[in-house]
Every structure is written in structure tokens, then in C-alpha cells.
Amino acid sequence: MPSQSVAILDACVLINILASGRAQEILTGCEYKFGICTVVSKKSIYLRAADPNAPPDTVDLEPFVKSKCLTVYALTGNQEQTLYVDYAADLDDGEAITLSLAFSRGFTVATDDRKARRIFLEDTGDMTRLLSTPQILKSWSPRAGLTAVELKKMLLEVSRRGRFSPHSGDPEFTWWSKAVL
């Protein structure tokens, strides 16, 4: 069996997956092996609490790393450092490192940030190495056997707890919109 391709998640896509309430299932049930960069691994990640009056929930990534459903990648070598400096001129540190790792190592990048997507696509010319939150969830949901009701509930949780809605230019905007009706 061939090894899985690596998809490196930026912080926003990671938060959206965590907000789904099914992160472990998604991270282990997709065609990709998922990774994050060191900057994302060290960030404090919060999700909106189920109770709107409660403080945000803090997420501990350590169990996901220990169970090997998330791998943490660090920049190595001059090429990756140079790419990082170039990307950091236009993007925040997490996105810049994420794109550097994906570009230099041939990984797929998962980001919903339009600017990061545009820059990565300009540099690689390969749309197949670019994922969004809706693309990941659409790919995973039939594998998980979600009913339409379960899918809608999950997507609404991503919207509420992760504060995410796909923009109209997302490849799976129509799928998401129909699923949450």
C-alpha cells in the first residue's frame, strides 16, 4: 500500500477541524497524513464554548501529536529558511512556514486564506496541492458515513465554534451551502 501524502494545515484549517467535534476521526480518516508547523503547534488555540456566555475552550494539541494523527514539522536547511523569509514578507509566520514546508517538501497545503492560496498556487502551479476546510470535510464525510443531518450539524459547529464560513470562491462553497440548508 502506498504511503499517504502529507497535507500541512495552517492554524485556521486546524481550528476548523477541531471545531467540528470530530477532529480525531477526520485526522485519521482522510487520504492524507496531516501535519502542522512548529509555530502552529506552539500557538494557544481556542474554540468558542458550547455555552455562549462561557469563556472559549482551550485546545491541547498534544494528544493528537502523541497519537501520531498530527505531525509537527520544523524548517530545516537554507532553502526552507529562505522560502520562509520570502513568504513572511506577505504572510504571517504560521502561514509563511506552512507554505515553505509544503513547497520545499512537496506537501499539500491546507489553508482557507485567499492570499496564501494565491501565492502558493502562483509558486507551484499545482491546484492538486492546495486544500481548504470544505474540501477536507467533503472528502472525509462520505468515508465516515455521515447522514445529511450529522453533516449539517458538524458544519454548523465549524461555523460557530471555529468562526468559519467558506468564501464564494472556495472550490466546495456550493457543497457547503447546500449541506447547511
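The values are calculated or read from the model by the stated rules, or taken from the named source; none is laboratory data. On a predicted model such as this, the values are computed, not experimentally measured, just so you know. A quick note on method: Cβ atoms are made from the backbone with ideal geometry, for glycine too, and the neighbour counts reach across all protein chains shown. Accessible surface is based on the protein model in full, side chains and every heavy atom, while ligands, DNA and RNA are left aside. Shrake-Rupley method; radii C 1.70, N 1.55, O 1.52, S 1.80 Å.
Of note:
- Residues within the range 143-171 that are open to solvent by 40 Å² or more (accessible area, probe 1.4 Å) and free of Cβ contacts under 8 Å to residues at least 60 places away in the same chain, tallied: 13
- Each residue in the range 60-78 was checked for being of a type outside the set (D, E, K, R) and either touching an Asp or Glu at 6+ places or on another chain (Cβ under 7 Å) or loosely packed, with under 13 Cβ neighbours inside 10 Å (or both), and 6 of them qualify.
- Selection of the range 39-84 for residues being aliphatic (A, V, I, L, M), assigned to a strand (DSSP E or B) and out of contact with any Gly (no Cβ under 8 Å at 6 or more places or on another chain) yields ILE45, VAL59.
Rundown of residues vs (1) more than 13 Å from the chain's Cα centre (by Cα); (2) assigned to a helix (DSSP H, G or I), yes/no style:
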{"position": "ARG117", "(1), (2)": "no, yes"}
{"position": "PRO134", "(1), (2)": "no, yes"}
{"position": "SER141", "(1), (2)": "yes, yes"}
{"position": "LYS152", "(1), (2)": "yes, yes"}
{"position": "ARG160", "(1), (2)": "yes, yes"}
{"position": "HIS167", "(1), (2)": "yes, no"}
{"position": "THR174", "(1), (2)": "yes, yes"}
{"position": "LEU181", "(1), (2)": "yes, no"}
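Here is a yes/no grid of residues against (1) of a type in the set (A, V, I, L, M); (2) outside any helix (DSSP H, G or I):
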{"residue": "ASP86", "(1), (2)": "no, no"}
{"residue": "ALA102", "(1), (2)": "yes, no"}
{"residue": "ASP112", "(1), (2)": "no, yes"}
{"residue": "LEU121", "(1), (2)": "yes, no"}
{"residue": "LYS138", "(1), (2)": "no, no"}
{"residue": "LEU146", "(1), (2)": "yes, yes"}
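- Those residues of the range 1-14 which are of a type outside the set (Ser, Thr, Tyr) and outside any strand (DSSP E or B), in sequence order: MET1, PRO2, GLN4, ASP10, ALA11, CYS12, VAL13, LEU14
- Applying the criterion of being of a type in the set (Gly, Ala, Ser) and under 19 Å from the mean Cα position of the chain (by Cα) to the residues of the range 54-83, the residue that is nearest to ALA96 (Cα to Cα) is ALA74.
- Condition check for LYS43: under 24 Å from SER20 (Cβ atoms), more than 18 Å from the chain's Cα centre (by Cα) and basic (Lys, Arg): no
- Taking the range 83-98 as the range and being aliphatic (A, V, I, L, M) and open to solvent by less than 50 Å² (accessible area, probe 1.4 Å) as the test, the residues that pass are LEU83, ALA88, LEU91, ALA96, ILE97.
- Of ILE36, ILE26, ILE17, all but one fail to be of a type outside the set (Asp, Glu), assigned to a strand (DSSP E or B) and either open to solvent by 70 Å² or more (accessible area, probe 1.4 Å) or under 20 Å from GLN4 (Cα atoms) (or both); the exception is ILE36.
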